[in-house]
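J.: Structure provided below as structure tokens; questions to follow.
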Amino acid sequence: MMQTLITGLLWFSAIGCGLLAGLYFAFSTFIMTALGRIGQAAGIAAMNAINVAIVQSLFMPIFLGTTATSAALAAVALFRWGEPGAIAMVAGGVLHVVGMFVVTMIFNVPLNNALAAADPASHEAASLWARYLADWTLWNHVRTVSSTAACALFIAAIAAA
């Protein structure tokens, strides 16, 4: 019974991490570049619209649910340390929670909030937008790598069980 639950959580976490990794990969590889090319006011308006829509979408249950199950798997694995897949579960859980969730809360969300508060047509918005594009994308790269690696580690834990 317990192993079935853990396996289900591993599958949910692996799929959730994979979905998030794909989203972050898209932003890192072409969406932010495209937003940077369309002009400051339009880019800011588009990113602000994305930031409003994303928290009202199916993204949020996946984002929060995957974070919760990743943390739970890491904790469970500490109590099952000698069992196959435990190291991968701990590593995947910690990597996802820290490299995706914590990075999002500490870096990406405050950048989003600053962008939302800015007047897109102001002179100050030009320097804010340039910094936003560079800094947000840098931290998004961290989220992409962390989510991808966590996905792989959860799959490794499934394979080891």
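The values are calculated or read from the model by the stated rules, or taken from the named source; none is laboratory data. No experiment lies behind these values; they were computed from the predicted model shown. We place every Cβ from the backbone using ideal geometry, glycine too, and count neighbours over all the protein chains shown.
J.: Scan the stretch 111-125 residue by residue and report those that are in contact (Cβ under 8 Å) with a residue 40 or more places away in the chain and either exposed (fewer than 15 other Cβ atoms within 10 Å of the Cβ) or more than 17 Å from residue 42 (Cα to Cα) (or both).
T.: Result: 116, 121.
J.: Every residue in the stretch 26-57 that is in a loop (DSSP other than H, G, I, E, B) and either in contact (Cβ under 8 Å) with a residue 24 or more places away in the chain or over 23 Å from residue 141 (Cβ atoms) (or both), please.
T.: Listed by number, the residues that qualify are 39, 56.
J.: OK, next. Which residues, counting only those in the stretch 11-25, are under 14 Å from residue 54 (Cα atoms) and free of Cβ contacts under 8 Å to residues at least 40 places away in the same chain?
T.: 23
J.: For the stretch 61-84, enumerate the residues that are polar (S, T, N, Q) and touching a residue at least 60 places away in the same chain (Cβ under 8 Å).
T.: 69, 70
J.: For the stretch 79-87, does any single residue satisfy the condition of being surrounded by 12 or more Cβ atoms within 10 Å (Cβ to Cβ), among the aliphatic types (A, V, I, L, M) and modelled with pLDDT of 95 or more?
T.: yes
J.: Could you grab me the full set of residues in the stretch 1-49 that are β-branched (Val, Ile, Thr), closer than 13 Å to residue 154 by Cα and surrounded by fewer than 19 Cβ atoms within 10 Å (Cβ to Cβ)?
T.: 7, 15
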